[in-house]
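Novice: Got a structure here, written out as structure tokens. Questions coming.
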Amino acid sequence: MIRMKIILLLLMCCGFVSTSCSFVSILRGFDLLKPPMHSLEENDEYEVIWNIENIYIPNNRNNPSLIGVPGKIIIQTPKALFTQSLIAYDSLNGEKLWESDLGFFEYGMIAAHEDRIFRGTGGTASVSMYDPETGKRMWKTHFITGHSATDIYLNEDEVYVYTNNSQFYVVDLQGKVIKRRYYVSFRTFLAEDNLAYKETDFTINAKDLNTNNEIWSVDLESAIVGSPVFDNGTIFLETSSGKDWLYSIDQITGELNWKKSFQLISNFVVLKDTVHFIDSDGYLIALDRSTGEEISKIGFTEPFDLDQYYNGYFLAADRENQMLAIYFADNKQIMGVKMK
């Protein structure tokens with residue numbers, strides 16, 4: 001009886017305060033109308049192995065708080081008021097392995113490179129590295145003049161951090177700052193084989209570290225969405241300006257391998273032979289990594305609530321085990337999918 005009175009009161013407030021407030025959203029808030037679980041339609045490409053319910057993952061598809069390392073899926077999720085946690089799940093069965101509490105007001109982004117887990121903070125920028133087996137923070141380095149880490153990359157024993165106030169840092173695997181570059185002219189991702197990779201005026205380019213001469217440049221349709229993927233000599237990236245474009249670029253020569261147009265509602269992930277994402281029609285798409293050609297297009301059993309959660313669908317991959325983790329914001333579900 002008390003619960004019903006509360007619901008009626010909220011409905012009255014809804015009418016006076018906001019026309020956008022809906023009866024459905026109120027019922028969902030009281031778990032009286034729980035959204036159905038998502039699954040994949042019957043197919044020959046994937047097998048749904050596990051599901052995790054009632055877990056909230058913040059951020060959006062440009063900066064998803066869901067990453068994969070060998071054997072594990074890692075999420076960043078709110079724990080209590082103004083605090084968050086890192087949680088690791090076994091990628092093969094969805095069992096919780098560890099949880100690491102983050103500091104008060106420690107908001108930020110997470111990134112995975114090889115078997116290492118990194119976290120960059122908003123506000124005054126910092127970067128931390130976490131032990132993938134225990135979740136223990138191994139070190140944390142502050143950048144006093146940096147504001148909000150946006151990109152983190154790893155090349156052998158060097159960590160590259162770019163901030164949204166155009167500062168670029170190189171840190172070793174013990175957390176010691178090797179190099180600072182204040183107010184770099186353009187967004188810088190990483191340096192490898194004596195080349196620095198940057199985004200400049202709707203292009204991605206490589207410059208010689210010694211001479212600063214441009215080695216190659218590729219024109220893009222618009223600004224890069226999220227962080228490009230550098231993988232085994234290939235750069236994968238997305239641009240979005242009314243229409244989404246996926247690019248595959250040779251990292252050494254700058255040759256365009258392929259460029260394809262899609263409408264994405266998730267980030268994309270790169271596996272050994274394939275590229276995966278969810279499109280705006282609600283399909284899990286797989287592309288051939290080498291050619292960009294569509295391999296499969298698999299539907300989901302339940303439609304997405306794109307009116308409220310258009311950017312709330314994330315993918316992560318455990319490449320070693322050919323596992324995908326898919327997060328659905330509309331029902332706070334993570335689904336573990338094995339490639340057959």
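The values are calculated or read from the model by the stated rules, or taken from the named source; none is laboratory data. Predicted model only: the values in this text are computed from it and were never measured. Because the Cβ atoms are built from the backbone with ideal geometry, glycine has one as well, and the counts that use them run over all protein chains shown.
Novice: What pairs come up if the first residue lies in segment 175-196 and is free of Cβ contacts under 8 Å to residues at least 12 places away in the same chain, the second is in a strand (DSSP E or B), and their beta carbons are under 8 Å apart, counting only those six or more places apart or on different chains?
Specialist: LYS179/TYR169; LYS179/VAL170
Novice: Only one residue in LYS259, LYS272 is part of a strand (DSSP E or B), free of Cβ contacts under 8 Å to residues at least 60 places away in the same chain and not aliphatic (A, V, I, L, M), so which one is that?
Specialist: Working: LYS272 fails: part of a strand (DSSP E or B).
When all the criteria are applied, what remains is LYS259.
Novice: How do the pairs read when you match residues in segment 156-171 that are under 12 Å from LEU190 (Cβ atoms) with residues anywhere that are surrounded by fewer than 16 Cβ atoms within 10 Å (Cβ to Cβ) and among the acidic types (Asp, Glu), using Cβ under 9 Å and keeping only pairs 6 or more apart or on different chains?
Specialist: GLU158/ASP172; VAL159/ASP172
Novice: Also, I was wondering about something else. If I ask for residues that are buried (at least 19 other Cβ atoms within 10 Å of the Cβ) and at pLDDT below 95, which ones from segment 170-188 would you list? Show your work before the answer.
Specialist: First, the residues of segment 170-188 that are buried (at least 19 other Cβ atoms within 10 Å of the Cβ): 171, 187-188.
Selection gives ARG187, THR188.
Rundown of residues vs (1) closer than 19 Å to LEU324 by Cβ; (2) modelled with pLDDT of 95 or more; (3) among the hydroxyl-bearing types (Ser, Thr, Tyr); (4) touching a Lys or Arg at 6+ places or on another chain (Cβ under 8 Å), yes/no style:
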position	(1), (2), (3), (4)
ILE204	no, yes, no, yes
VAL229	yes, yes, no, no
LEU237	no, yes, no, no
LYS243	no, no, no, no
ASN257	no, yes, no, no
ASP273	yes, yes, no, yes
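Novice: Quick test of your reading of the structure: ASP307 fulfils all but one of (1) modelled with pLDDT under 95; (2) outside any loop (DSSP other than H, G, I, E, B). Name the failing condition by number.
Specialist: Condition not satisfied by ASP307: (2).
Novice: Among (1) surrounded by fewer than 16 Cβ atoms within 10 Å (Cβ to Cβ); (2) assigned to a loop (DSSP other than H, G, I, E, B), which single condition is LYS297 missing?
Specialist: Among (1) surrounded by fewer than 16 Cβ atoms within 10 Å (Cβ to Cβ); (2) assigned to a loop (DSSP other than H, G, I, E, B), the lone unmet condition for LYS297 is (2).
Novice: Also, quick follow-up: Looking only at segment 66-98, which residues are surrounded by 15 or more Cβ atoms within 10 Å (Cβ to Cβ), modelled with pLDDT under 95 and not in a strand (DSSP E or B)?
Specialist: Result: no residue meets the conditions.
Novice: Output the residues belonging to segment 163-187 that are more than 14 Å from LYS198 (Cα to Cα) and among the hydrophobic types (A, V, I, L, M, F, W, C).
Specialist: Residues satisfying the conditions are VAL170, VAL171, LEU173, VAL177, ILE178.
Novice: Got at least one residue in segment 134-141 being more than 21 Å from the chain's Cα centre (by Cα), within 30 Å of ALA223 (Cα to Cα) and either buried (at least 16 other Cβ atoms within 10 Å of the Cβ) or polar (S, T, N, Q) (or both)?
Specialist: yes
Novice: Could I ask something else about it? Does LYS243 satisfy the condition of being within 29 Å of ASP318 (Cβ to Cβ), surrounded by fewer than 13 Cβ atoms within 10 Å (Cβ to Cβ) and not β-branched (Val, Ile, Thr)? Show your work before the answer.
Specialist: On the way: within 29 Å of ASP318 (Cβ to Cβ): no; surrounded by fewer than 13 Cβ atoms within 10 Å (Cβ to Cβ): yes; not β-branched (Val, Ile, Thr): yes.
Answer is no for this residue.
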